[in-house]
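Written below as structure tokens is the structure these notes are about.
The values are calculated or read from the model by the stated rules, or taken from the named source; none is laboratory data. Every value quoted in this text rests on a predicted model; they were computed, and no experiment measured them. Methodologically, a virtual Cβ is constructed for each residue, glycine included, from the backbone with ideal geometry; neighbour enumeration extends over all protein chains shown. Side chains are part of the model used for accessible areas, which takes the heavy atoms of the whole protein and leaves out ligands, DNA and RNA. Shrake-Rupley method; radii C 1.70, N 1.55, O 1.52, S 1.80 Å.
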Amino acid sequence: DKVRIILGLANKTTDYDKIDVLLMCLVGDQLVKILHSKQLEIAVTIAKKQYDQFVNNIPFGIFRAHSTLEKTLNFEYVNRQFCEMIGLTPKEIYNDANSVFDAIHPEDLDSFITLNREVLEKRTLFIWEGRGVIDGSVRWLRVEARPEKILKDEIVWHGVVTDTTERNQAERALRDANALLENRVAEIELLQEKLREQAIRDYLTGLFNRRYLDETIEREIARAKRDRSQLSVVMIDIDHFKSINDTYGHEAGDIVLIELGSLLMKNSRTSDIACRHGGDEFVIVMPNASPEDALKRADEWRQIFERKRFTSNERRFATTLSMGIASYPLHASSPKGLFQAADQALYQSKIHNNFVSISRRLDTSTLHSIGRTDL
């Protein structure tokens with residue numbers, strides 16, 4: 001790895017002396033320095049060529065630029081990918097750095113400028129993603145750069161630009177697909193909810209149907225037993241309903257049923273469960289209600305309904321309600337027993353019509369013998 005230099009000196013008429021040797025050593029030393037300098041120049045050229053080959057084949061743009069506090073910007077280096085992403089030649093970028101900003105979509109330019117100002121104030125990493133308009137087409141670009149202050153009034157930027165168009169398109173397609181899926185799921189859930197409502201609601205009055213009542217009463221009695229609370233059932237029947245259908249038609253009967261359903265919805269507690277049991281018979285389950293509570297509420301319903309007037313085919317008519325009340329655990333401890341007790345009370349009310357009765361039946365399972373005392 002060493003280079004030897006042989007120097008000769010001729011055509012001197014006198015003898016060689018020490019000065020001649022010193023001069024020859026100086027000449028040799030300069031030649032070695034020149035040779036080393038040339039070798040270093042060649043090495044730098046090779047390294048630069050290799051660096052250019054590397055940076056021009058990576059899939060993102062690289063740039064080095066410096067700016068002043070007066071916002072003057074100059075690019076010192078850009079690779080081929082950077083130029084292709086921006087749609088400019090290196091010469092155009094080096095001559096006019098502001099031409100790069102012309103490639104940013106007008107709607108995203110403000111966010112770029114605002115972020116740049118914040119980064120300069122805080123000396124943080126610059127990360128921006130937005131749209132660029134390259135040769136008339138919109139592309140998504142992501143810029144990452146770090147400011148390095150090397151002089152009092154000058155900042156050097158080293159940065160990378162990545163084309164994220166395909167990723168954004170994929171993300172947008174995924175978002176659209178997710179949104180479509182969410183809408184379809186919501187539609188299915190809504191449809192399921194409608195089907196469930198149809199399965200447990202009476203189509204005419206909108207109240208719960210008998211199927212829902214049968215599913216619910218067991219749960220409500222179990223809760224009342226657990227909480228040691230009372231539960232009342234009000235059974236309702238429309239007086240002279242068959243006569244209304246025969247006299248005014250079934251459309252008139254439907255009007256009465258709908259009106260009663262609306263009355264019960266509006267004048268029941270949130271916890272009450274209003275059901276159409278079938279035909280003109282309705283049942284209201286009232287958790288945490290004593291027979292007296294249920295009687296007071298039932299009589300209010302009776303009075304409101306008594307004052308109502310109905311019209312069918314320009315013919316006006318009125319009718320009333322009869323109701324029977326039974327409570328857990330006073331009158332019965334099972335759903336069947338509770339309904340039977342309320343039905344018996346309703347039977348007593350129908351004798352009079354427009355009447356509310358409380359069951360007189362007692363649940364014997366709740367009674368205890370007190371024994372016999374001999375006096």
- Note on the structure: Here the alpha-carbon Rg of region 1-150 over 2.2 N^0.38 Å rounds to 1.80
- Note on the structure: Dipole check, the chain, charges on Cβ (K,R +1; D,E -1), about Cα centroid: among H105, F305, Q340 the Cα furthest to the positive pole belongs to Q340
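Would you work out the relative contact order for region 284-353, in percent, from Cα pairs under 8 angstrom that are 6 or more residues apart?
Relative contact order comes out at 26 percent.
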- Using a 1.4 Å probe on the protein chains only, how many percent of the accessible area of region 244-375 belongs to carbon and sulfur? 48
- Item | Using alpha carbons only: equivalent-ellipsoid semi-axes of region 89-205, gyration tensor based, whole Å | 51, 18, 11
- Considering the options I273, L260, V283, tell which one lies farthest towards the positive end of the dipole of region 236-299, charges being +1 on Lys and Arg and -1 on Asp and Glu at the Cβ, about the Cα centre. I273
- So how strong a dipole does the chain carry about its Cα centre when Lys and Arg Cβ are +1 and Asp and Glu Cβ are -1, to the nearest 20 debye? 920
- Note on the structure: So, with points 7 Å from each Cα along the Cβ direction, the R360-L125 label distance in nm works out to 8.8
- Task: Sorted from largest down, give the three principal axis spans of the alpha carbons of the chain, whole angstrom values.
- Result: 168, 71, 36
- Could you state the accessible area per residue of the chain in Å², with a 1.4 Å probe and every protein chain left in place? 65
- Task: Binning at 10 Å from 0, report for region 259-366 what percent of all alpha-carbon pair distances ends up in each bin.
- Result: 14, 46, 30, 8, 2, 0
- Any idea what Rg and Dmax come out to for region 216-268 if you just take the C-alpha atoms, in Å? 16.5, 49
- Item | Heavy-atom accessible surface of region 1-47: percent carbon and sulfur, 1.4 Å | 64
- Cα-based equivalent ellipsoid of region 258-319: semi-axis lengths in Å, sorted from largest, via gyration tensor: 25, 13, 9
- Task: With 5 Å bins from zero, work out the P(r) of region 60-115 over every alpha carbon pair and list the percent per bin.
- Result: 4, 18, 27, 26, 20, 5
- Note on the structure: quick shape note, region 142-228: Cα extents on principal axes in Å, largest first -> 84, 36, 18
- Descending accessible area (1.4 Å probe), largest on the left, turns Y203, Y248 into Y203, Y248
